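Peer 1: I have a structure here, written as structure tokens, and I will follow up with some questions on it.
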Amino acid sequence: MTPAARIAAAIDVLTEIFARRRPAADALKDWGLAHRFAGAGDRAAIAGLVYDALRRRASAAWIMGEQSPRAVVLGMLKRERGLDAGAIERLFEGSRHAAAPLTAAERARLQTAGLDDAPPHVAGDFPEWLDPHLERVFGKERADEGAALASRAPLDLRVNTLKGERERVAEALAEYAPEPTRWSPWGLRIRLAADAKAPAIQAEPAFIKGWVEIQDEGSQLAALLAAAKPGDQVVDLCAGGGGKTLALAAAMQNKGQIYATDSDKRRLAPIHARLQRAGVRNVQVRTPRTGSDVLADLAGRADLVLIDAPCTGTGAWRRNPDAKWRLRPGALKERLKEQVEVLDQAAALVKPGGRIVYVTCSLLDEENGDQVRAFLQRHGEFSVEKPQAVAAALGERAYLFLRAALTTEEGILMTPRRTETDGFFVSVVQRAK
């Protein structure tokens with residue numbers, strides 16, 4: 001397919017997404033099934049265009065003065081891909097498989113329109129209803145924080161220290177030019193250009209042998225800040241596919257015991273193969289059963305309970321750009337209820353002197369600081385650890401990390417703009433001895 005044909009295809013996919021509010025992955029899959037002539041490179045390029053358009057949907061529409069899929073793609077090519085009006089015009093050349101040529105009005109907006117007078121939710125590319133929520137956290141910087149969340153994320157890897165060292169793994173993946181991550185001693189980062197195809201890491205021998213896992217640096221840091229020690233009794237209460245479970249097991253050097261569970265057993269499905277590949281031996285998966293408390297025998301026994309809480313996912317918008325436009329206030333209310341339930345469940349599992357590490361991939365204080373404050377009111381036997389004490393797990397990196405992150409009395413907030421990670425909140429509360 002020509003570049004012009006890929007542009008036209010991206011507009012078609014976005015038309016389906018906008019009209020039916022479909023997840024982008026589903027719309028792209030259906031397009032690929034209906035256009036089997038398109039090669040892997042074509043499909044990857046079209047997906048890149050679609051996701052970039054979704055990342056910059058509000059600002060691109062503002063530039064063009066309308067919100068149609070075509071307008072969003074045009075505005076994105078200017079804002080995200082940095083193309084001038086002439087280059088964009090060559091992609092809209094009106095041939096059989098290309099989009100229609102630019103109108104005079106479109107050409108004029110591409111040449112002159114900008115974001116100087118755009119409101120924060122437009123400049124930051126986030127839903128307008130979230131503006132007061134983000135203003136509460138970031139104030140006048142919310143547009144800049146949102147714009148950073150609209151950029152493409154790099155590919156981060158966590159080196160499995162049960163099987164190897166970072167330098168050795170970096171050598172095995174040298175063709176991708178991996179760099180050590182800024183904060184995590186376990187991490188490698190592969191930077192990706194705007195139109196680059198993501199490397200097939202899962203086909204690499206280093207991945208197949210269990211040397212690395214795909215995991216954002218912020219997620220690695222959340223596990224690192226949990227400060228699990230060899231010999232600890234740990235409950236991973238919302239383990240899902242096991243990303244943080246694996247990181248905790250490596251930090252514990254396969255010593256002690258981790259009990260991994262999740263309210264939805266379907267989310268646990270990938271964990272078994274991942275544990276085997278990584279060489280993890282200290283994890284017991286507790287699959288939930290209807291009418292049975294699979295953690296009842298652990299009441300009051302845990303040194304550490306990790307809660308990777310269900311949340312709105314606002315901190316992961318770089319990786320799920322369509323999710324932010326489908327998010328509704330009702331979803332926030334539902335997540336808040338779930339967070340209260342899981343925090344109260346964790347409180348019953350922690351022994352005297354034990355800790356709960358509460359993690360979200362959210363930027364909203366309703367899901368972060370507010371939840372911690374409310375938990376402390378419900379459970380007076382707990383107190384929150386100061387960010388300085390939590391960050392001590394980073395060693396010599398702690399001082400600069402705390403200067404970069406946004407800290408409050410309740411915890412630490414990472415963002416793409418501040419820490420060059422996904423958005424993660426981490427709070428540690430300890431039960432009195």
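Peer 1: At 20 °C and 1.002 mPa s, what whole-number value in µm²/s does Stokes-Einstein give for the translational diffusion of the stretch 39-85, with Rh from the Kirkwood sum over Cα pairs?
Peer 2: 204 µm²/s
Peer 1: Just to confirm, what accessible area per residue do you get for the chain at 1.4 Å probe, in whole Å²?
Peer 2: Details: 18710 Å² over 433 residues.
Per-residue accessible area for the chain comes out at 43 Å².
Peer 1: To one decimal place, what Kirkwood hydrodynamic radius in Å is obtained for the chain from all pairs of distinct Cα atoms?
Peer 2: After inverting the mean inverse Cα-Cα distance, the result is 23.0 Å.
Peer 1: Now, a different point. When DSSP beta bridges are limited to those with both residues in the chain, what percentage is antiparallel, rounded to the nearest 5?
Peer 2: Once the DSSP bridges in the chain are tallied, antiparallel ones form about 60 percent.
Peer 1: Mind checking the full-extension length gain between Ser263 and Trp129? Use 0.36 nm per residue of separation minus the Cα-Cα distance, one decimal, nm.
Peer 2: Net length gain for the segment: 45.3 nm.
Peer 1: Among Ala299, Pro310, Gly164, flag the residue with its Cα farthest along the positive direction of the charge dipole of the chain, charges on Cβ as +1 for Lys/Arg and -1 for Asp/Glu.
Peer 2: Gly164
Peer 1: Leaving out ligands, DNA and RNA, and with a 1.4 Å probe, what % of the accessible surface on the chain is carbon or sulfur?
Peer 2: 50 percent
Peer 1: In terms of Cα to Cα distance under 24 Å, which lysines are near enough to Lys140, apart from those fewer than 8 places away along the same chain?
Peer 2: Within the straight-line limit of under 24 Å, Lys140 reaches these lysines: Lys324.
Peer 1: Moving to a separate point now. Which pairs in the list Lys163/Lys351; Lys255/Lys386; Lys244/Lys265; Lys29/Lys209; Lys229/Lys255 are over 20 Å apart, alpha-carbon to alpha-carbon? Don't skip to the end; give the middle numbers.
Peer 2: Working: Lys163/Lys351 32 Å; Lys255/Lys386 27 Å; Lys244/Lys265 17 Å; Lys29/Lys209 29 Å; Lys229/Lys255 8 Å.
Distance filter (> 20 Å) returns Lys163/Lys351; Lys255/Lys386; Lys29/Lys209.
Peer 1: Now for a different question. So, how do all the Cα-to-Cα distances of the stretch 63-209 break down into 5 Å bins, in percent, from 0 on up?
Peer 2: Distribution as computed: 2, 8, 14, 13, 11, 12, 12, 11, 10, 5, 2, 0, 0 percent.
Peer 1: So how do Asp293, Asp370 rank on accessible area, 1.4 Å probe, biggest first, that is with the largest at the start?
Peer 2: Sorted descending by solvent-accessible area, the residues read Asp293, Asp370.
Peer 1: Test of understanding: in a Gaussian network model of the chain with alpha carbons linked when under 10 Å, which of Gly65, Gly330, Gly94 would top the mean-square fluctuation ranking?
Peer 2: Answer for the Gaussian network model of the chain: Gly330.
Peer 1: OK, next. Distance between the C-alpha centers of the stretch 22-66 and the stretch 183-256? Whole Å please.
Peer 2: 29 Å
Peer 1: Given the alpha-carbon gyration tensor of the stretch 286-432, what are the semi-axes of its equivalent ellipsoid in whole angstrom, ordered largest first, with each equal to the square root of 5 times an eigenvalue?
Peer 2: The answer is 25, 22, 13 Å, longest axis first.
Peer 1: Between Ala393, Ala148, Ala222, find the one with the highest GNM mean-square fluctuation for the chain; connect C-alpha pairs within less than 10 Å.
Peer 2: Highest fluctuation of the listed residues: Ala393.
Peer 1: Hydropathy first: keep DSSP H helices in the chain averaging at least 0.5 on Kyte-Doolittle, then drop any whose Cα extent along the axis falls short of 18 Å, and list what survives.
Peer 2: Flagged H segments are 3-20.
Peer 1: While we're on this one: Give me, ordered by chain and number, the residues 5 or more places off Val235 or on other chains with an amide H under 5 Å from its own placed amide H.
Peer 2: Tyr259, Leu304, Val305, Leu306
Peer 1: Separate question: For the chain, modelled as a GNM with alpha-carbon contacts under 10 angstrom, which of Val137, Val294, Val283 fluctuates the most?
Peer 2: Val294
The values are calculated or read from the model by the stated rules, or taken from the named source; none is laboratory data. Note that the structure is a prediction, hence the values are computed from the model and not measured. Positions of Cβ are backbone-derived with ideal geometry, glycine not excepted, and every protein chain shown enters the neighbour counts. The protein model used for the area step is the full one, side chains on, heavy atoms only, and it has no ligands, DNA or RNA in it. Shrake-Rupley method; radii C 1.70, N 1.55, O 1.52, S 1.80 Å.
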